[in-house]
Amino acid sequence: MTANPVLWDLDARGVATVTLNRPEVNNAYDAGLINGVLAAMDELGQKANLRVVVLKGNGKHFQAGADLKWINGVRPKSAEENEKVSRATFEAVQRLNTLPIPTVALVQGGCFGGGTGVISACDVVVAADNALFSITEVRWGLTAAIIIPQLCDAIGVRQVRRYALTGERFGAEEARRIGLVHEVVSLAELETAGAKVVEQLLANGPKALAETKALAMESSFGGMGVDDEAYARLVKMHSDRRQTKEASEGLASFAEKRAANWGTTHKR
């Protein structure tokens with residue numbers, strides 16, 4: 001397994017590159033990756049010259065959502081431990097969402113579940129034409145509670161009501177049409193397209209950028225609009241759902257490569 005699940009560096013221009021680094025599991029998130037993102041945000045927040053953050057995924061895929069083996073390890077633990085896990089996951093996405101500098105996501109290959117929440121929390125998203133997306137949680141009897149606010153900001157409630165309910169996969173052009181990504185380029189051009197966006201951001205006043213982003217976030221359902229009470233409710237819904245019989249069946253169906261039998265779980 002990869003030693004460092006999240007890598008970052010900062011160049012002389014103040015451009016940080018944060019790389020999700022679990023390519024052996026398609027950058028699926030577990031406690032290590034979540035904590036790595038939080039640590040990167042902490043460390044970068046101390047850099048006075050920080051101007052832009054670029055988020056990438058190492059390997060063929062950007063981010064494959066939750067590591068379901070890890071989820072199965074968390075499920076039997078106490079309700080308090082499950083809430084702690086959901087709280088950290090929410091915090092990682094929300095810290096990225098409210099970072100007072102511009103963020104740019106470069107997406108290739110799969111971007112599933114929590115990965116769609118991560119890119120919804122970024123200011124600019126450029127996708128390769130091989131990118132594939134899905135809000136997958138319902139397939140496994142789980143809910144996308146902690147990323148629904150960001151998704152509603154990015155693609156609107158109407159599109160969330162389709163894609164978060166069907167769990168279906170859709171390609172890069174559809175993601176652009178509904179607003180999940182801003183631009184689609186060939187895989188070979190992904191880095192170049194990202195570099196162009198970064199240059200445009202660096203041409204602007206740093207304080208003006210921070211103020212403009214803050215003003216935009218004031219009217220954002222997924223930004224300043226999530227108060228402490230709503231935050232606690234989303235975290236609890238996310239963690240409680242993980243411990244239901246329905247989630248147990250959904251996760252078992254994934255592990256056993258079969259269709260889920262929801263008929264035995266609909267009461268829970």
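The values are calculated or read from the model by the stated rules, or taken from the named source; none is laboratory data. In this text, all values refer to a predicted model and were calculated from it rather than measured experimentally. Heads up, the Cβs are rebuilt from the backbone with ideal geometry, glycines too, and the neighbour counts pull from every protein chain shown.
The criterion of at least 2 residues that are at pLDDT 95 or above and either within 20 Å of Gly114 (Cβ to Cβ) or over 18 Å from the mean Cα position of the chain (by Cα) (or both) is met, among helices (runs of 4 or more DSSP H) falling completely within region 161-268, by 172-178, 190-202, 206-218.
Of all the numbered requirements in (1) within 29 Å of Ala255 (Cβ to Cβ); (2) free of Cβ contacts under 8 Å to residues at least 12 places away in the same chain; (3) touching a Ser or Thr at 6+ places or on another chain (Cβ under 9 Å), Gly57 misses one, and that requirement is (2).
Could you check region 117-154 and list, in sequence order, the residues that are within 21 Å of Lys196 (Cβ to Cβ), assigned to a strand (DSSP E or B) and within 13 Å of the chain's Cα centre (by Cα)? Passing the criteria: only Val125. A search for C-beta distances below 8 Å between a residue of region 131-156 that is in contact (Cβ under 8 Å) with a residue 24 or more places away in the chain and within 17 Å of Phe170 (Cα to Cα) and any residue that is assigned to a loop (DSSP other than H, G, I, E, B) and of a type in the set (D, E, K, R), counting only pairs 6+ apart in sequence or on different chains, returns Leu132/Arg169; Phe133/Arg169; Ser134/Glu168; Ser134/Arg169.
Return the pair list, or none, for Cβ contacts closer than 7 Å from residues in region 91-105 that are basic (Lys, Arg) to residues that are assigned to a helix (DSSP H, G or I) and surrounded by fewer than 24 Cβ atoms within 10 Å (Cβ to Cβ), at least 6 apart or on different chains. Going by the 7 Å Cβ cut-off, the qualifying pairs are Arg95/Leu38; Arg95/Met41.
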